[in-house]
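Engineer: Structure provided below as structure tokens; questions to follow.
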Amino acid sequence: MEYFAWFLIVLYAAAGLTYLRAFRHKSIATFKAGRSLLAAVVILHCVFIVWQTIDAGRIPIATVSEALGTFVFVTSALYLGLELLLRNFAIGPFILPLLTIMMLIAGLFFEPGGEIAAILMNVEFEIHVLLLMFAYGAFALSFIASVLYLLLAREIREKSLGIFYSRLPSLPYFERIANWSASIGLVCFSAGVLVGIHIAFQVWKQFSLFDVKFLIVYLNWLLYLAHYLGRRFLHWRGKRVAWISVAGFLLVLFSFLGASQLFHGAHSFK
Amino acid sequence: MPLTAFHIVFAEPPTGVSGPTPSTTLLENLSAMLAANELICIRLSGSLTVFAADVQDPAAHEASLKRTLVEAFDLQASAKLTCSLKRERSAIHFFLSVATGLARDVTSGRPHEAFEQAFAQAAESTLVGPLLSYLHQRAVWLYEKIRLETDFYRYAVQQETAVRELAEKVLEGLSELRVAILGYDAVFPAVLDELALAGCRHFEFFWSDDEVRESLVRRLNATVSSPELQSRASAIADIVLAGKGSPVALLQGQARAAGQGGRKEDEVLLFAFDVSPPQAAAGVLVYTREDLQLVMRHNLEERSGIEARVETWIKDEVRNFYSWVQSEQRFEFEGMISRSPQMQRVFEMISRIAQTDITVLIEGESGTGKELVARAIHRLSSRCEQAFVTVNCGAIPENLLESELFGHVRGAFTGANADNKGLFREADGGTIFLDEIGELAPHLQVKLLRFLQEGEIRPVGAARSVNVKLRVLAATNRNLAQLVADGDFRSDLYYRLNVIELSLPPLRNRPDDIALLAQRFIGKFSARYNKDISGLSIEALDALRAYHWPGNIRELENAMERAVALTIGSSLALHNLPETLSAPSDVGESNGHGGDAMLSLRELERRHILSTLERFEGNHEAASKALGIGRTTLWRKLREYGMGSETSKDVK
């Protein structure tokens, strides 16, 4: 199974490199080759997750390695869907290297069928994590779109036209993707957190809503809520919302990867 | 020396002249002055280029050319004009570069479109001959290749396209945006046209007191606001064009107004042409003329990689041109030969559409070369490596045609012992040519329509449809529009097929081609029958020209084959031609109607067919060969005249 995981990592890297090469040379044919490769990786990754599920008798989302792997799968599938829908390759060269690095981290900590806490073996928990996976995947897309928006806007404002000006579509295009993804992410995130709180009330008798990791999650939720409300009611646009999206995703990464390691509170299952 | 290019640059572009084409009078004067057989003249941003064929001693004409232009454009005698001369290969190279928009020194908004207008003008003045036609066809083909295979034409390398590019990069939904115009600059008309092309609909001029601006207002259906309202221009506009006459303080005020007007981020694009730009203010993105130059330079640098590729294609074309000239194939196009303007237009159209996947309907009488046209389209397309499948819809019995075309599965009907892929699937990835499409049965018309709409076919007896990717070319020698009107052909299929219509003129309408084609066939058959015939006698040529060629080129080919086979000596004489040609009046006389001048062409044809059949004792094969038409055409004509059954006595 570990070999399969490494094979997937190599394939993700190959797809990422193909997208980067296509971006460099503005080659539609290479982009299409990259897309075929990505589609193959997504299918193989799906097979891998099914294999892990059968092997361990649960969805592979309990350990950091498993969760990262599943997150990479969900995000790449979301991206592939977006690319097929919009017929535009602009985000691929940036999101795929990010996913490859995450997949590499997942591979380094890979432990098939590792022991997990008993409370993680229930359906409600799986729904909680899967909802959050979708939210994080959408936030990742929003993050990349926002970063590209900022890079392109900077080139246009400073009149130092470079690689992004020639190869990226318009600012409104990235703004739209960033906003849609953030809104979809916010819905999944809210639902995921609510399910999580419900599990917490059931599992822990002495439960505090003010655990460090929970506080980071609330902050995250508030950021994306502000992102939505600001756009909806205060006509926030452009760089301001792009920066909120970037900050939001960095906080997601921190809560996802770092918080459990740094703060050993209730939401730690070691 | 086939082609010469005179490229004249004006130190100060002539005023009051617009558009890429000079006047027809100037064109005719130039052609007379240079004594050129063919000539085309194109005006592009401050320059004028004349391409002329077969000019003797071009350098001697430079001074008189300049004089003619000074007079034509009403310039002062001291006006500075520089003329550069290009000959031979460099002239051909320059022609293709100008026509495809690659030439940098004549870069203007839309070089290819400008070139097309100039070519149409030259063609109208009958100044286009085989050389310019050939070069034009190649330029069109090259342009399509560059357009389809590269991003070359997508780069903004002019001020107006740079403005459009920035607007599209920064703003959303151009059709809803407002464009405010303050002051004036010479580039405004081009910029505004470009923005209108990009979808902008709302233009507002903040003053309009001269003719140029007023014509712009009319053209763009713009509104004109009072100058007092200028201060609010950028508060209500998304794109502001500021030219001479827009005060700096005013622009600064607008920048502030935009920043305070509830706008956030880069929501107003302000283009300042030769006016001091306002200082940066929140909500306003200012681009000056120099900044636009920066955008253009950046795009040119990015494009240079593609230019190198395109340059090699042009060099290949220049090489091809010389092999074309040397091989004396001036009137040839992909195996077809003609000097008629109608056919030259067909050749040009083929070059234009070959690389797209568009469906083409080829119309023309029997024997005019419809299949050759279809083959040329296939050969010039990106599918040329794939299969080219020809189906004669009139030659296959109706009950077999469906399974022939769409295939069948085993057991679909009695005798279907194995799966059959069908011709559509055989042609997958390539081209299918459906000849005599007018003969297609109604239920097959439905199936073909379904394929054209959905891209899928269902083999006979199969449970599910199969996707097939191929290009459909159809041909007919009947009037499909009439068949549609009579209800014999589905109108929806007709419109699907008739996306592009190529109409091939009959040979009798191309008298110049008769000698050309006859000579070609003499060469072909002389080689085949090991004869040494160099040409035709004058009488024979006159007879060929006098004949009305109902069987068109096929009939001419058969007549030449027969004549070559019978000729003894080096020249093909009148008596070697078939009787119908050497004594055309025999057609009527043999039927005893020699004096009847009121016979309709249809009746004459009917009687001629009948008499030919009688002569060959009802043998369709021999009769169709003698008539110079296909067997299917003969069969169809017999059916048309109601003579189908009694004359059928074919050789099995």
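Engineer: Only four residue types carry charge here, +1 at the Cβ of Lys and Arg and -1 at the Cβ of Asp and Glu. Report the dipole size of chain B about the Cα centre in Debye, rounded to the nearest 20. Provide the component values of the computation, followed by the final result.
Structural biologist: Numbers: 71 positive and 87 negative charges, 222 e Å.
Around 1060 debye, computed over chain B.
Engineer: How many Å² of accessible surface get buried when A and B come together, counting both sides, probe radius 1.4 Å, rounded to the nearest 100?
Structural biologist: Looking at A and B, the buried total is near 2000 Å².
Engineer: Follow-up. Putting +1 on Lys and Arg Cβ atoms and -1 on Asp and Glu Cβ atoms, find which of A:85, A:151, A:106 reaches farthest to the positive end of the dipole of chain A.
Structural biologist: My answer, from the dipole projection, is A:151.
Engineer: Using a 10 Å cut-off around each Cβ of peptide B:162-174, what is the average number of partner chain Cβ atoms that fall inside?
Structural biologist: On the way: counts 0, 0, 0, 2, 3, 1, 5, 11, 8, 3, 6, 1, 0.
Shielding by partners across B:162-174 averages 3.
Engineer: What do you get when you divide the Cα radius of gyration of the stretch B:3-149 by 2.2 N^0.38 Å, with N the number of residues? Present the calculation step by step, with values, prior to reporting the outcome.
Structural biologist: Values: Rg = 14.3 Å, N = 147, 2.2 N^0.38 = 14.7 Å.
Dividing the Cα radius of gyration by 2.2 N^0.38 Å gives 0.97.
Engineer: Is there a quick way to get the dipole size of the stretch B:352-505? I mean about its Cα centre, with the Cβ of Lys and Arg at +1 and of Asp and Glu at -1; what is the value in debye to the nearest 20? Show your work: numbers first, answer last.
Structural biologist: Numbers: 17 positive and 20 negative charges, 106 e Å.
My answer is approximately 500 debye.
Engineer: Calculate the dipole size of the protein assembly as shown relative to its Cα centre from +1 charges on Lys and Arg beta carbons and -1 charges on Asp and Glu beta carbons; express the result in debye to the nearest 20. Numbers along the way, then the final one.
Structural biologist: Working: 91 positive and 99 negative charges, 432 e Å.
Using only the charged Cβ atoms, the result is roughly 2080 debye.
Engineer: Using θ = phi - 60° and the Karplus form 6.51 cos²θ - 1.76 cosθ + 1.60, what ³J(HN,Hα) does each residue of the stretch B:24-33 get, whole Hz, x for Gly and Pro?
Structural biologist: 4, 4, 4, 4, 5, 4, 5, 5, 5, 5
Engineer: Which trypsin sites (Lys or Arg not before Pro) from the stretch A:158-213 combine a DSSP loop assignment with at most 15 other Cβ atoms within 10 Å? Could you put the intermediate results ahead of the total?
Structural biologist: Numbers: sites: A:159, A:167, A:176, A:205, A:213; in loops: A:159, A:205.
Loop-located and lightly packed - A:205.
Engineer: Could you look at the stretch B:511-640 and say what percent of its accessible area is carbon and sulfur, using a 1.4 Å probe and all protein chains? Numbers along the way, then the final one.
Structural biologist: Numbers: 3480 of 6720 Å².
After summing per-atom areas, the C and S share lands at 52 percent.
Engineer: Given DSSP loops and a limit of at most 16 other Cβ atoms within 10 Å, what is the longest stretch of chain B that contains no such chymotrypsin sites (Phe, Trp or Tyr not before Pro)? Spell out each step's value before the answer.
Structural biologist: Values: sites that count: B:413, B:529, B:641.
Answer from the scan: B:1-412.
Engineer: I would also like to ask the following. Considering the options B:59, A:212, B:134, tell which one lies farthest towards the positive end of the dipole of the protein assembly as shown, charges being +1 on Lys and Arg and -1 on Asp and Glu at the Cβ, about the Cα centre.
Structural biologist: Among B:59, A:212, B:134, the one farthest towards the positive end of the dipole of the protein assembly as shown is A:212.
Engineer: Normalised radius of gyration for chain B, please: alpha carbon Rg relative to 2.2 N^0.38 Å, two decimal places. Before the final figure, lay out the partial values.
Structural biologist: Working: Rg = 31.6 Å, N = 652, 2.2 N^0.38 = 25.8 Å.
Cα Rg divided by the expected 2.2 N^0.38 Å: 1.22.
Engineer: Which trypsin sites (Lys or Arg not before Pro) in the stretch B:84-174 sit in a loop by DSSP (not H, G, I, E or B) and have at most 12 other Cβ atoms within 10 Å of their own Cβ?
Structural biologist: Details: sites: B:86, B:87, B:89, B:104, B:138, B:145, B:147, B:154, B:164, B:169; in loops: none.
Here no trypsin sites (Lys or Arg not before Pro) fit, given the DSSP loop and packing criteria.
Engineer: Might you work out the accessible area of residue A:53 for me, using a 1.4 Å probe with all protein chains in place, and round it to the nearest 10 Å²?
Structural biologist: 40 Å²
Engineer: For the stretch A:1-91, what's the radius of gyration and Dmax over Cα atoms, in angstrom?
Structural biologist: Values for the stretch A:1-91 (Cα only, Rg and Dmax): 14.2, 46 Å.
Engineer: With every protein chain left in place and a probe of 1.4 Å, what is the accessible surface of residue B:611, to the nearest 10 Å²?
Structural biologist: 20 Å²
Engineer: Just flag the trypsin sites (Lys or Arg not before Pro) in the stretch B:364-417 sitting in loop per DSSP whose Cβ has no more than 12 other Cβ atoms within 10 Å. Intermediate values should be presented prior to the final figure.
Structural biologist: Numbers: sites: B:370, B:375, B:379, B:383, B:410; in loops: B:383, B:410.
Answer in residue order: B:410.
Engineer: Let me ask something else. Per-residue ellipticity at 222 nm for the protein assembly as shown, helices alone: DSSP H runs ≥ 4 residues times -39500 (n - 2.57), over residue total, nearest 500 deg cm²/dmol? Before the final figure, lay out each step's value.
Structural biologist: Details: 36 runs with 513 residues, N = 922.
So the calculated ellipticity at 222 nm is -18000 deg cm²/dmol.
Engineer: Turning to a different aspect of this structure: Enter the accessible area per residue of the stretch A:89-203 (Å², integer; probe 1.4 Å; all protein chains in place). Don't jump to the answer; show the numbers that get you there.
Structural biologist: On the way: 4390 Å² over 115 residues.
In whole numbers, the stretch A:89-203 has 38 Å² accessible per residue.
Engineer: Could you tell me which of B:188, B:82, B:484 has its Cα farthest along the dipole of chain B towards the positive end, charges placed at Cβ (Lys, Arg +1; Asp, Glu -1), taken about the Cα centre?
Structural biologist: Among B:188, B:82, B:484, the one farthest towards the positive end of the dipole of chain B is B:484.
Engineer: Continuing with this model, one more query. Tell me, what HN-Hα J-couplings in whole Hz come from the Karplus equation 6.51 cos²θ - 1.76 cosθ + 1.60 at θ = phi - 60° for each residue of the stretch B:373-379, using x for Gly and Pro?
Structural biologist: 5, 4, 5, 5, 4, 5, 4
Engineer: Right, next: Could you list, bin by bin from short to long, the percent of Cα-Cα pairs of the stretch B:352-505 in 5 Å steps?
Structural biologist: Percent of pairs per bin, in order: 2, 10, 19, 23, 21, 15, 7, 4, 1, 0.
Engineer: Which far-off residues, 5 or more places away or on another chain, put their amide H under 5 Å from the one on residue B:240, with H placed in the peptide plane?
Structural biologist: Sorted by chain and number, the residues that satisfy this are B:180, B:269, B:270, B:271.
The values are calculated or read from the model by the stated rules, or taken from the named source; none is laboratory data. Owing to the predicted nature of the structure, the values given are computational and were not obtained by experimental measurement. As a convention, Cβ positions derive from the backbone with ideal geometry for all residues, glycine included, and neighbour counts pool all protein chains shown. Keep in mind that these areas ignore ligands, DNA and RNA; they rest on the heavy atoms of the full protein, side chains included. Shrake-Rupley method; radii C 1.70, N 1.55, O 1.52, S 1.80 Å.
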